[in-house]
1. Using a Förster distance of 22 Å, how high is the FRET efficiency between residue 95 and residue 115, based on the Cβ-Cβ distance and rounded to 0.05?
2. Compute the distance in nm between two label points, each set 7 Å from the Cα along the Cα-to-Cβ direction, one at residue 57 and one at residue 182.
3. What ³J(HN,Hα) values, in whole Hz, does the Karplus curve 6.51 cos²θ - 1.76 cosθ + 1.60 give for region 96-103 when θ = phi - 60°, with x put for Gly and Pro?
4. Go ahead and run the numbers for FRET between residue 128 and residue 65, Cβ-Cβ distance against an R0 of 35 Å, rounding to 0.05.
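Here, each number is a calculation from the coordinates, and none is a lab measurement. On a predicted model such as this, the values are computed, not experimentally measured, just so you know. Cβ placement follows ideal geometry from the backbone for every residue including glycine, while neighbour counts extend to all protein chains displayed.
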Amino acid sequence: MRPVPLLTLTLLVACSTKSGAEDSALLDARPAACDPEQLGGGEVGDLAPEFTLLDQNDAPQALSAACGDVTLLVFGTFWCGKCQAEAEELEALYQSHVASGFSVFAAYSENIDGEPPTAADLSEWADFYGFTFPTVADPSKVTDRTYDPDTETRPTNVLLSREGRVLSVGGVIPEEEIGVALGE
């Protein structure tokens with residue numbers, strides 16, 4: 001198990017809005033709520049570290065809200081062609097498995113111009129692709145550093161078990177792997 005520096009997991013993530021005001025979200029060291037006594041990490045088998053980021057409505061979204069579901073974490077940017085292609089399929093994937101206890105949590109670090117996404121950017125992205133799951137800003141790329149610290153691969157996807165353990169980290173996760181995790 002790779003240790004995750006506490007400082008990395010306790011960073012304050014700041015998101016700018018078009019009005020120039022700053023919002024922030026706290027990334028802390030609690031694992032994905034399934035076992036709050038243990039410190040999580042980003043490698044296969046680790047408990048996923050808890051994080052809370054602001055969504056398209058400027059509302060905090062915590063990973064722990066998905067505890068008990070198999071969860072797909074999606075980390076990307078708006079300008080990335082592969083992220084756009086994946087986004088076209090995400091809502092259908094989510095709807096195909098939501099009844100079995102499946103969640104999607106999509107975090108984006110840059111808008112189409114390479115800037116931190118605002119709530120308006122996130123809202124436009126989620127509306128364009130028809131997302132009904134949380135779409136959040138991660139301008140400090142804290143989630144990337146946790147799950148894929150050595151590369152700038154986009155998108156990065158992480159599949160979590162119902163207990164909040166990391167099952168897989170990589171590019172697009174095959175739907176068959178999601179089905180196996182769900183027991184389908």
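1. Values: r = 31 Å, r/R0 = 1.39.
Here the calculated transfer efficiency is 0.10.
2. Spacing of the two 7 Å Cα→Cβ label points: 2.4 nm.
3. 5, 10, 4, 5, 8, x, 10, 10
4. Working: r = 24 Å, r/R0 = 0.68.
It comes out at approximately 0.90.
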